Amino acid sequence: MATTEQLQERIKELKKSKKAIILAHYYTRPEVQQVADFVGDSLQLARAAQGTDADIILFAGVHFMGETAKVLSPDKKVLIPDPEAGCSLADSCPADDFARFIEAHPGHTVVSYVNTSVAVKALTDIVCTSSNALQVVRSIPESTPVIFGPDRNLGSYIKSMTGRKNMVIWDGACHVHERFSLEAILRLKSEHPGARVLVHPECKQQIVLIADRVGSTAALLDYARKSDADEFIVVTEPGIIFKMQEACPDKRFIPAPPADSSCACNDCSYMKLITLPKIIDTLENELNAIEIPEEVAKKAIKPILRMLEIK
Ligand code: 13P
Ligand code: SF4
């Protein structure tokens, strides 16, 4: 059986011969992040997909991320290592149901989180990610009512931060971020009183309320890098700890445990489907190319570009 280093070497050769780049999300396995040309949060990855001159983008992440890359780079081949790598949050918002929700709220501006299918984006006025959701909602006139979907936790957080009353929120959630236990985090905090609590806004409100920093994966990493604290309780998918530890070798990062003691950690099982052998097979045989019907892509690109215009 090939070693990790041998698999990584083969991927480097394939990237060269195929003029391919690998974009990876922070939640992927460490050995996958190591072979990526760029590792980032959803917004950074969308910008990287928009800016590349490679022939092939291999997206080491979940399906909606590959779709966003394809919408932004329609002439490139966008390959995903495992078509089963979905997202429970995106799945909590089927396009037909979301269309009915929009119909029931006429006159609203529709803001959709990037964790949605391309069909949902095609129904949307402006897309957002966890790193720019506040700016996106603030860019909409105060008097205009807003639909926010699909994450109820991010939606409630944005609603409380903006003080916006005229915002209706779709009732969706991510199974990973909903699983964290407030009690377990408070217990960890009492064992590590100097630790800062880093929380992704997809977590429930009671957890967001005890955070020292709420933000996207990239924002949490940046906070850890700049902070004078030595210990951090990380309340998001633990894949991010690889880059945190790399950036701050002398600091300690403690993954927050899930409420359900039957699962040992809070891995996103979809992100962890991306493995080195699958990346090799996908690049060698140019498998799992994302295809999006032209009329859907034409509609979906507008709200994505509108988001990318917001600095
Ligand atoms: P970020 O955009 O913060 O990286 O989050 C993506 C995601 O899927 C969170 O669960
Ligand atoms: Fe989707 Fe949650 Fe996994 Fe993020 S952590 S990709 S929101 S299932």
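Residues of segment 263-287 that are assigned to a loop (DSSP other than H, G, I, E, B), crowded, with 21+ Cβ neighbours inside 10 Å and in contact with a Pro (Cβ under 7 Å, 6 or more places away or on another chain): N266, I274.
Per this entry, D230 is counted among residues that are away from ligand 2 (no atom under 15 Å from the Cβ) and farther than 21 Å from V114 by Cβ. Give me the residue from segment 91-125 that is buried (at least 19 other Cβ atoms within 10 Å of the Cβ) and out of contact with any strand residue (DSSP E or B) (no Cβ under 9 Å at 6 or more places or on another chain) and, out of that set, nearest to S156 (Cα to Cα). Among those that are buried (at least 19 other Cβ atoms within 10 Å of the Cβ) and out of contact with any strand residue (DSSP E or B) (no Cβ under 9 Å at 6 or more places or on another chain), it is S117. Filtering H175, H192, H200 for residues that are surrounded by fewer than 21 Cβ atoms within 10 Å (Cβ to Cβ), in contact (Cβ under 8 Å) with a residue 60 or more places away in the chain, in contact with a helix residue (DSSP H, G or I) (Cβ under 9 Å, 6 or more places away or on another chain) and more than 11 Å from Y113 (Cβ to Cβ) leaves a single hit, H175. Can you confirm whether I185 is under 24 Å from F38 (Cα atoms) and part of a helix (DSSP H, G or I)? Answer is no for this residue. Across segment 44-62, the number of residues qualifying as surrounded by fewer than 24 Cβ atoms within 10 Å (Cβ to Cβ) and farther than 18 Å from L283 by Cβ comes to 5. Looking at the structure I just gave you, is A24 assigned to a helix (DSSP H, G or I), surrounded by 22 or more Cβ atoms within 10 Å (Cβ to Cβ) and among the small types (G, A, S)? So A24 does not fit the description; no.
Results for (1) hydrophobic (A, V, I, L, M, F, W, C); (2) in contact with a strand residue (DSSP E or B) (Cβ under 8 Å, 6 or more places away or on another chain); (3) without any contact (Cβ under 8 Å) to a residue 40 or more places away in the chain, shown as yes or no for each residue.
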position: M1; (1), (2), (3): yes, no, yes
position: E5; (1), (2), (3): no, no, yes
position: E9; (1), (2), (3): no, no, yes
position: K15; (1), (2), (3): no, yes, no
position: T28; (1), (2), (3): no, yes, no
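Read the figures in this text as sums done on the coordinates, not as results from a lab. This is a predicted model, so every value here is computed, not measured. Because the Cβ atoms are built from the backbone with ideal geometry, glycine has one as well, and the counts that use them run over all protein chains shown.
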